1. Taking a ≥ b ≥ c as the square roots of the Cα gyration tensor eigenvalues, with a/c under 1.5 meaning rounded and otherwise prolate when a/b beats b/c, else oblate, which class fits the chain?
2. Taking only C-alpha pairs under 8 Å that are 6+ residues apart, what is the relative contact order of segment 121-189 in percent?
3. Need one number: nm distance between label points at Arg147 and Glu170, each 7 Å from Cα along Cα→Cβ, rounded to one decimal.
4. How high is the relative contact order of segment 42-96, given as a whole-number percent (alpha carbon pairs under 8 Å, six or more residues apart)?
5. Distance in nm between label sites at Glu181 and Asn163, each 7 Å beyond Cα in the beta-carbon direction?
6. For the chain, what does the accessible surface come to per residue with a 1.4 Å probe? Please give it in Å².
7. Counting only protein heavy atoms and a 1.4 Å probe, tell me what percentage of the chain's accessible area is made up of carbon and sulfur.
8. Ranked from highest to lowest mean number of other Cβ atoms within 10 Å per residue, what is the order of the peptides 63-73, 153-163?
Amino acid sequence: MKKDIILSGVGGQGILSIATIIGDAATKAGLNLKQAEVHGMSQRGGEVESGLRLSDTEIYSDLVPLGSADMILSMEPMEALRYLPFLHPDGYVITSSSPFKNISNYPEEKAALANLKNVVTIDLDQITKEHAMPKSANVVLLGAAARFIGILTPEQIEASIRNIFASKGEKIVEMNLKAFEIGQEYGSR
């Protein structure tokens, strides 16, 4: 089994943390993993992208080929659109519906997403405000995507959340586990 995932967003939204969690879970599950990252002008609100390739067989390249991504997981809807050429026709887009408008002429993205076969949009801004966890929006989105990843179970991802955030203390671990659980609820709707 193979899964190609593109993670995208804007600098500071936690894309690389999601990549770390998935990578840790994949490694612990004995999967092969290749990862490629683009940081752009991330410290100035620019794009951040990470391509993850997971497989139970050998992987020869860290680059996700055009038209082969099983999932685009995006913290920002416009960044999801940027990577649509990489999406497989049966692939999933899991994205926040809350734009990060860092330009004055931010385009309307809803029409393009509405034309896709498999799209899950969640209002990360609203969800994280409701649950008072704005710093865990990325883990909420990961929770929404968990059932679509397929090659990893939610339990394997939860174990990696524990592992990755352990050095920050039990309160941070529990907050991120709760964020993951909340995301799973929204991803199953």
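The values are calculated or read from the model by the stated rules, or taken from the named source; none is laboratory data. In this text, all values refer to a predicted model and were calculated from it rather than measured experimentally. Every residue, glycine among them, receives a Cβ derived from its backbone with ideal geometry; neighbour counts consider all protein chains shown. These accessible areas exclude ligands, DNA and RNA; they are computed on the full protein's heavy atoms, side chains included. Shrake-Rupley method; radii C 1.70, N 1.55, O 1.52, S 1.80 Å.
1. Working: a/c = 1.43, a/b = 1.05, b/c = 1.36.
Judged from the Cα gyration tensor, the chain comes out rounded (a/c under 1.5).
2. Working: 72 pairs, mean separation 29.8, N = 69.
About 43 percent, as a whole number.
3. Rounded to a tenth, the inter-label distance reads 3.1 nm.
4. Values: 64 pairs, mean separation 17.5, N = 55.
Contact order relative to length: 32 percent.
5. Label at Glu181, label at Asn163, 2.2 nm between them.
6. Value returned for the chain: 49 Å² of accessible area per residue.
7. 51 percent
8. With the highest mean Cβ count within 10 Å placed first, the list reads 63-73, 153-163.
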